[in-house]
Amino acid sequence: MVQHETHQAYVIGKRVKTRFSSWTLAALAIAGLLAVPMVSVLSSFMTPAGEVWRHLWRTQLVELITNTVLLLAGVGSSTLVGGTGLAWLVVYHRFPGHAFFEWALILPLAIPAYVLGFVFLGLFDFAGPLQTFLRTTFGQGFRLPTLRSYGGVTLMMTLVFYPYVYLLARAAFHGQGAATLESARSLGRSPLRAFIMVTLPIARPALVAGVALAMMEALADFGTVATFGYRTLTEAIYRVWYGMFDRTAATQLASGLLCFALGLLLVERTSRGRARFIETYRRGAGVTPTVLRGWRAALAVGACLAVLGPGFLLPVGQLSLWTLKTLQAGQLAPAFGTLLLNTLYLAGLATSLACLMAVVLAYASRLHSSPSVRWSAQCAALGYALPGSVIAVGVLLPLAWLDHTVVIAWLDRFLGRSGGLLLTGSAVGLIFAYLVRFLAVSLQTVDASLTNIPPSLDDAARSLGASGSRVLRRVHLPLMRRGLLTALILVFVEVMKEMPATLLLRPFGLNTLAVEVWKRTSEAMWQEAAVPALTIVAAGILPVLFAVRLSAKR
Amino acid sequence: MTHLFAPALALPRWFCYADRISLGDGVDPVLSLHQISKSFQPEVPVLHDISLQVETGSVVCLLGPSGCGKTTLLRLVAGFEEPDAGEIYLIKRLVSRPGLVVPPEQRHVGMVFQDYALFPHMTVSQNIQFGLFRWPAAWRRTRLAEMLRLVGLEGMAERYPHELSGGQQQRVALARALAPAPQLLLLDEPFSNLDVYLRRQLREEVQAILEQAGITTILVTHDQEEALSFADTLAVIDQGQVVQYAPPDEVVQRPLTRFVAQFIGLGHFLRGEMHQACITTELGEVPYASALSLTGEGRRVDLLVRPEHVQLCNTSHGTPVQVVHASFRGTRKLYTLRLPSGATFCALFPSEVTLHSGEVVRVTWRPVDLVVFPWQETPAIQAD
């Protein structure tokens, strides 16, 4: 009898082990799949393409790299100053409208840089209303400094990317509490000196991480630099690919851009780790803010408005105005419905796949936290640092290869007809690129909500007779509902906004809202671009409101 | 005997849960551990060569300082960890050995967690019914009502865990673990999250509930008071080994190692020298029974001084000691006292006695059970 039961138990033990490893296998498969674009771009280093490289080097490479580095430096330093300054203002001071500004300052995050860029061009360019008015008032010779310059591009990106620094800096300042600052003041430092000598150094990892995020976004941006005619690596990839049909050169450029991105990623990761370490230091009471009055209060409100105005109020106002005009004139393009449907379809598909994969990855590392699973989650999350253009190139190369070898052979063999470009001609590549780029967004959210569930709940459910899948269904999924919803919304909005990968990978004739914005703005038809742009902005405000609700809860 | 159980095993599984059919014949242990070892890092054993038997219906307390491996032992029994060596049997059925672990959901072992681990998205009744998903609906309802009555939460069935007090959450956790009628109940420091007053009250309630349910229980704790009041049998664990496995009074009266002697109660060791019929110490001469194995003229020994056995004595018979420190222990005061040689020990005096630090008083020592160990020898490890 005992013998028999021993045998049965042995079988049960085995079965359970194999079931667990299927989660591991799924995680590894996802990571492997998502790493394909990066590997294919990196492997172009190996391919001998000396001729192209030398040509690029002679003609434009120096300019491209210089421009890119300058842009990164400009955006990095100005977001650092702006984001940190505003966070300092909001955390340590009270002034009229403080509660409103505290969350409203996140709002520019909802505006894609290319939308802000074209609104500014429409308003302040040579032919725009402002300059026309100034010319009629002050004579024909009157000029403003041109927006289509390094300064203009940096300003646009700073206005929309500073919230990354602002958010992390604010969290870091709040997290430190009052103790460090107060002990510095009790040792005879003025509030400002105490802030500079104590608070800022402690918050440094968070600030560095925020700046790295802003710089990643600047590196990935295509729409703004292209509309402003500022030549960077991202923009060159598109130009070389579409204008010259030179795939080798585009890939070489992409690998250069990839190096920048991975460098930024390294900086961001290491400082995030340190930031987490420092957060555990928190002790004691919260910050005691200084109440500002009189001209100081006015200055504080002015500073907030100076950023919020051009970064959010102006573009939203102008877009609404243009949209209203279009609607009144009955000029809304009949294709708008199709555009919207296309966008929703692509974003919906990519979002649900991204969340599914995120659940698999996160659950695999909860069940079996082996190094291989942890590495595959890390690897799958790398994509958020990669510019869309790099991913697009990295997706196209292997897909085209598959199309030309495997798919054509299969079609020949099984259907008896020679097929076209099945993979590159469909939205498969685009969806794949979205997954590579945005899986990190969903993974982070899903993983956070899963980590919040204490492991003793798993144990309790298991000891009450529930199997692994029943635990997932009855305990984890219901508890993760909020996190999953957040992940869905975040990824959805990111996919809606995405421009360079969409432009490079969309199948012929498939247009989305972002593509429509690009088409219209490249022809300087600002008003026509307003309706799709406003739709994207409206969707983008959703996750910001989510973030506001979350930070209000803390 | 096995043929007698065959019909019971042929019945549907819920039948075994529903009625408290004992699958053992009443003499077999519910749980037996054979030479269990476990380590998480190589070279650092958490548990080493543990063997234990838990009889049906008894309450066993695993007692030891933090980090001694007692929670790991509990998790091994529940099936959350795999042993590196040894075997675990639940009612004669092999459930764990290296390379084989019957998963926790197939063990019929209930567990109450330190943080209760109530499912926050489920009501009290959903929580309690979580483990009854294979039962027919009517039985499930009956069992739910029975459990609510057992833990005294009849009106609370539709509340969510966050709407309950700590003590109520604790009782829900207990009801949830007991509902599927497990063969064995494991409690992992169940009272450590509660404040002192609630802890004592709840301990008595839980004790009553367990008695009524008549279930075999293993309780993990580092609180000796809790262990002494709860247990039928005490397993004192030190550095991954069971150093004594005996009823509480035996552990108190005849501790097997120096560790057990010092861990239970607030005893201190005092140097002594053995002579033919007595041991001489700084606190006077103590007669000893010849049964002690530590014979030998002039042998140096350590004797355990328990605070309860020290009395104030203001005649010249007493030994003069200096008061070092005093602290309240409810109705009594615990004094730390220093002998002229510098050795310190504790004494419990009624709280109306007020002594000040530095004051010199006279005390006598009347040990009830003589606990003697060889002098300064490192504690010999004696597994039961």
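The values are calculated or read from the model by the stated rules, or taken from the named source; none is laboratory data. On a predicted model such as this, the values are computed, not experimentally measured, just so you know. Quick reminder, even Gly has a Cβ in these numbers, built from the backbone with ideal geometry, and neighbours come from all protein chains shown.
Structure summary
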{"quantity": "Residues of segment A:453-511 satisfying the condition of being touching a helix residue (DSSP H, G or I) at 6+ places or on another chain (Cβ under 9 Å), away from every other protein chain (no Cβ under 11 Å) and assigned to a loop (DSSP other than H, G, I, E, B)", "calculated": "A:Glu498, A:Met499, A:Arg506, A:Pro507, A:Leu510, A:Asn511"}
{"quantity": "The one condition in (1) surrounded by fewer than 19 Cβ atoms within 10 Å (Cβ to Cβ); (2) within 24 Å of the chain's Cα centre (by Cα); (3) farther than 19 Å from A:Ile30 by Cα that A:Val428 fails to fulfil", "calculated": "(3)"}
{"quantity": "Verdict on A:Pro201 being over 29 Å from A:Ser40 (Cβ atoms), free of Cβ contacts under 8 Å to residues at least 60 places away in the same chain and part of a helix (DSSP H, G or I)", "calculated": "yes"}
{"quantity": "Identity of the residue in segment B:223-239, touching a Cys at 6+ places or on another chain (Cβ under 8 Å) and of a type outside the set (A, V, I, L, M, F, W, C), that ends up nearest to B:Arg200 (Cα to Cα)", "calculated": "B:Glu226"}
{"quantity": "The lone exception for B:Arg149 - which of (1) basic (Lys, Arg); (2) over 29 Å from the mean Cα position of the chain (by Cα); (3) not in a loop (DSSP other than H, G, I, E, B) it fails", "calculated": "(2)"}
{"quantity": "Meets criteria (of a type in the set (Ser, Thr, Tyr), part of a loop (DSSP other than H, G, I, E, B) and more than 14 Å from every other protein chain (Cβ to nearest Cβ)) for A:Thr424", "calculated": "yes"}
{"quantity": "Selection from segment B:119-157 of residues that are at the interface with chain A (Cβ under 8 Å from one of its Cβ atoms) and either touching a His at 6+ places or on another chain (Cβ under 9 Å) or polar (S, T, N, Q) (or both)", "calculated": "B:Pro120"}
{"quantity": "Filtered residues of segment B:86-126 (kept if aromatic (Phe, Trp, Tyr) and at negative phi)", "calculated": "B:Tyr89, B:Phe113, B:Phe119"}
{"quantity": "Per-region count, segment A:489-527, residues of a type outside the set (S, T, N, Q) and farther than 18 Å from A:Ala226 by Cα", "calculated": "13"}
{"quantity": "Near pairs, Cβ below 6 angstrom, 6+ apart or cross-chain, from segment A:289-304 (closer than 15 Å to A:Glu102 by Cβ) to any residue that is assigned to a helix (DSSP H, G or I)", "calculated": "A:Pro289/A:Tyr92; A:Leu292/A:Ala300; A:Ala300/A:Leu89; A:Cys304/A:Phe101"}
{"quantity": "Criterion (in contact (Cβ under 8 Å) with a residue 12 or more places away in the chain, buried (at least 21 other Cβ atoms within 10 Å of the Cβ) and among the small types (Gly, Ala, Ser)) met by exactly one of A:Ala184, A:Ala220", "calculated": "A:Ala220"}
{"quantity": "All positions within segment A:499-513 that are among the hydrophobic types (A, V, I, L, M, F, W, C) and surrounded by 21 or more Cβ atoms within 10 Å (Cβ to Cβ)", "calculated": "A:Met499, A:Ala501, A:Leu503, A:Leu504, A:Leu505, A:Leu513"}
{"quantity": "Residue tally, condition part of a loop (DSSP other than H, G, I, E, B), more than 29 Å from B:Ser192 (Cβ to Cβ) and facing another protein chain (nearest Cβ under 7 Å), over segment B:78-111", "calculated": "1"}
{"quantity": "Residue check, A:Ala433 surrounded by 22 or more Cβ atoms within 10 Å (Cβ to Cβ), out of contact with any helix residue (DSSP H, G or I) (no Cβ under 7 Å at 6 or more places or on another chain) and either modelled with pLDDT of 85 or more or within 14 Å of another protein chain (Cβ to nearest Cβ) (or both)", "calculated": "no"}
{"quantity": "Given (1) at the interface with another protein chain (Cβ under 8 Å from one of its Cβ atoms); (2) touching a residue at least 40 places away in the same chain (Cβ under 8 Å); (3) surrounded by fewer than 20 Cβ atoms within 10 Å (Cβ to Cβ); (4) in contact with a Leu (Cβ under 8 Å, 6 or more places away or on another chain), index of the condition B:Gln114 fails", "calculated": "(4)"}
{"quantity": "The one condition in (1) at pLDDT 85 or above; (2) out of contact with any Gly (no Cβ under 6 Å at 6 or more places or on another chain) that A:Pro37 fails to fulfil", "calculated": "(2)"}
{"quantity": "One residue from A:Leu361, A:Leu341, A:Leu356 being surrounded by 16 or more Cβ atoms within 10 Å (Cβ to Cβ) and either in a helix (DSSP H, G or I) or modelled with pLDDT of 80 or more (or both)", "calculated": "A:Leu361"}
{"quantity": "Residues satisfying the stated conditions in segment B:43-77, i.e. over 19 Å from B:Thr233 (Cβ atoms) and within 14 Å of chain A (Cβ to nearest Cβ)", "calculated": "B:Thr72, B:Arg75"}
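Residue-wise test of (1) assigned to a strand (DSSP E or B); (2) surrounded by 12 or more Cβ atoms within 10 Å (Cβ to Cβ).
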{"residue": "B:Val323", "(1), (2)": "yes, yes"}
{"residue": "B:Phe328", "(1), (2)": "yes, no"}
{"residue": "B:Tyr335", "(1), (2)": "yes, yes"}
{"residue": "B:Ser341", "(1), (2)": "no, no"}
{"residue": "B:Leu348", "(1), (2)": "yes, yes"}
{"residue": "B:His356", "(1), (2)": "no, no"}
{"residue": "B:Val363", "(1), (2)": "yes, yes"}
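Every residue, every condition in (1) assigned to a helix (DSSP H, G or I); (2) away from every other protein chain (no Cβ under 14 Å); (3) modelled with pLDDT under 85, yes or no:
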{"position": "A:Tyr10", "(1), (2), (3)": "yes, no, yes"}
{"position": "A:Lys14", "(1), (2), (3)": "yes, no, yes"}
{"position": "A:Ser22", "(1), (2), (3)": "yes, yes, yes"}
{"position": "A:Leu33", "(1), (2), (3)": "yes, yes, no"}
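Residue by residue, here is whether (1) under 19 Å from the mean Cα position of the chain (by Cα); (2) surrounded by fewer than 17 Cβ atoms within 10 Å (Cβ to Cβ); (3) modelled with pLDDT under 80 holds:
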{"position": "A:Arg462", "(1), (2), (3)": "no, no, no"}
{"position": "A:Gly468", "(1), (2), (3)": "no, no, yes"}
{"position": "A:Pro478", "(1), (2), (3)": "no, yes, no"}
{"position": "A:Leu485", "(1), (2), (3)": "yes, yes, no"}
{"position": "A:Lys497", "(1), (2), (3)": "yes, no, no"}
{"position": "A:Thr521", "(1), (2), (3)": "no, no, no"}
{"position": "A:Trp526", "(1), (2), (3)": "no, no, no"}
{"position": "A:Ala552", "(1), (2), (3)": "no, yes, yes"}
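Each row is one residue, and each column tells you yes or no for (1) modelled with pLDDT under 90; (2) in a loop (DSSP other than H, G, I, E, B).
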| position | (1), (2) |
| --- | --- |
| B:Met122 | yes, yes |
| B:Ile128 | no, no |
| B:Gly131 | yes, no |
| B:His162 | yes, no |
| B:Ala177 | no, no |
| B:Pro190 | yes, yes |
| B:Glu204 | yes, no |
| B:Ile209 | yes, no |
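Residues checked against (1) more than 16 Å from B:Gly110 (Cα to Cα); (2) of a type outside the set (Val, Ile, Thr); (3) modelled with pLDDT under 85:
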position: B:Ser39; (1), (2), (3): yes, yes, no
position: B:Val60; (1), (2), (3): no, no, no
position: B:Gly79; (1), (2), (3): no, yes, no
position: B:Asp84; (1), (2), (3): yes, yes, no
position: B:Lys92; (1), (2), (3): yes, yes, yes
